[in-house]
1. Placing one identical point scatterer on every Cα of the stretch 57-213 and ignoring solvent, what is log10 I(q)/I(0) from the Debye formula at q = 0.13 Å⁻¹?
2. So if we plug the beta-carbon distance of residue 26 and residue 184 into 1/(1 + (r/R0)^6) with R0 = 35 Å, what FRET efficiency do we get, rounded to 0.05?
3. With just the Cα atoms defining each centre, how far is the stretch 152-197 from the stretch 259-309? Give it in Å.
4. First measure r as the distance between the Cβ atoms of residue 122 and residue 78, then evaluate 1/(1 + (r/R0)^6) with R0 = 22 Å and state the FRET efficiency to the nearest 0.05.
5. Using a Gaussian network model of the chain whose springs link C-alpha atoms within less than 10 Å, name the residue from 44, 204, 227 with the highest mean-square fluctuation.
6. For the chain, build the convex hull from the C-alpha positions and give me its volume per residue in Å³.
7. Please find, in a Gaussian network model of the chain (springs between Cα atoms separated by less than 10 Å), the residue of 63, 234, 182 whose mean-square fluctuation is greatest.
8. Between residue 69 and residue 240, what is the spin-label point distance in nm, taking each point 7 Å from the Cα along the Cα→C-beta axis?
Amino acid sequence: MVSPTKAVLSFLFVFIIGFSSGQSIDEQKLLQTIEYLSSDKLEGRKTLSEGNKEAQEFIREEFRSLNLSTHYAKYFQKFSFENRRERQKYEDATNVVAFIPGKDSRKIIVITAHYDHVGIGRKNSSGDSIYNGADDNASGTAALLAFATYFKKNQPEHPIIFAALDGEEMGLQGAKALLNDFPFPLEDILVNINMDMISRNENGELYASGTYHNPNLKPILENASKGSNPVLKFGHDEPNTGRDDWTQSSDHGPFFDQKIPHIYFGVEDHKDYHKPSDEFKNIDQAFYVNATNLILKCILALDAELPKE
């Protein structure tokens, strides 16, 4: 039986987290950011394209305007890789990485979202050839920037690295590069929070995938998301079940390979996935704002409840 004192403290904890997350996101700026990142001007943000470079600069200026620290030259972590499908080597791909110190821990939370997309391709029936990638993944990138703003004003218990990753669409290359050139021992990473496609779902559902492999995280997320809109669901992470396993589907995959706990926030595929029609006008703005606030609420709960070594 829970004591009255513990019950009151638990209620206050949930109330404070719920209140702060509800008040913390600048909805207008969040929507302006996703709209810009998915605009025709950035031409689908394919790695090394001019639109991709404009996205880099935009993200860097956001970090710089917040006066965030970084462990890389002017926030840019450069890396190279070979795209086997295109038989081309990509030089100077770029992750954009910032850091906020924690109050009381050396264990690090790493928040990731890839900002690249697939660029310009085959025209659709409307003659549109720009794959804008509004949901995939301007949505996660804009949320990452909103979280950086929040934690600059509200220092977390754990240090947080904010990594806007490049080259995800070419084999999770940015996440691999980040871990290959990480500024701290990898064993200091407490958890990776990855976001990829969080701005629309017809059923009002957002998934937190990864708790099958990290069951200790599930009760924290369940408590943080009680009564939430969208509904936070779990799954897409069980191996050998014949179901859709997302464990290697985005930038959390390399973290999993290094045995680093992860939670991947995302939605199930929709009709505009990897099509020119994945545009800002087709996101669900209310769902997106609510999903971003819900993810922040979950991050706050993880930051508060996970060990502070």
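Read-outs: derived from the displayed coordinates by stated rules, not from any lab. Here the structure is a predicted model, which is why all the values come from computation and not from measurement. Positions of Cβ are backbone-derived with ideal geometry, glycine not excepted, and every protein chain shown enters the neighbour counts.
1. Results for the stretch 57-213 at q = 0.13 Å⁻¹ read -0.66.
2. So, using R0 = 35 Å, E works out to roughly 0.70.
3. After rounding, the separation between the Cα centres reads 15 Å.
4. So the FRET efficiency works out to roughly 0.10.
5. The residue that fluctuates most here is 227.
6. Spelled out: Cα convex hull of the chain, divided by residues, is 140 Å³.
7. In the Gaussian network model the winner is 182.
8. With each label placed 7 Å out from Cα toward Cβ, I get 4.5 nm.
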